């Protein structure tokens, strides 16, 4: 199974790698493959001060967790996402946050589900007919099988 992970999922895992989200990303079996646009790395870097502020981890520990998480994600360069898909994703996310375009586009392009904790994004996309989401609990259930 392929799953696109967005920034808030990875952000949560960095803040608490022992959480359910952190454990899923770090220790999922090989039947689940995580994907993300390279843009995720830019977003995490842009929020590194916020991460440092909200955790008691040292800078080295933060870097080690980020490296461990990144090693579990297949990063796809945005240039490989077809323009038509980007246009559809842009229309779907126009009422939300521009930062979500690439994640939605990648989920469409890979024909897989998007793992996000962003309720506003999910509700907006659902209203527009996009239903390719997977929850943390759904992933946990699939791992048990």
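The values are calculated or read from the model by the stated rules, or taken from the named source; none is laboratory data. The model shown is predicted, which means the values in this text are computed figures rather than measured ones. All Cβ positions, even for glycine, are placed from backbone atoms using ideal geometry, and neighbour counts span all protein chains on display.
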Q: Kindly indicate the residue of region 57-105 that is touching a strand residue (DSSP E or B) at 6+ places or on another chain (Cβ under 8 Å) and in a loop (DSSP other than H, G, I, E, B) and also surrounded by the most Cβ atoms within 10 Å (Cβ to Cβ) among those meeting that condition.
A: 81
**Q.** Subset of region 129-145 [farther than 18 Å from residue 34 by Cβ and surrounded by 13 or more Cβ atoms within 10 Å (Cβ to Cβ)]
**A.** 130
Q. What about residue 117, is it outside any helix (DSSP H, G or I), at pLDDT below 95 and farther than 21 Å from residue 1 by Cα?
A. no
Q. What about residue 31, is it in contact (Cβ under 8 Å) with a residue 12 or more places away in the chain, outside any helix (DSSP H, G or I) and surrounded by 13 or more Cβ atoms within 10 Å (Cβ to Cβ)?
A. no
(Q) Scan region 35-42 and tell me whether some residue there is over 22 Å from residue 142 (Cα atoms), under 15 Å from the mean Cα position of the chain (by Cα) and in a strand (DSSP E or B). (A) yes
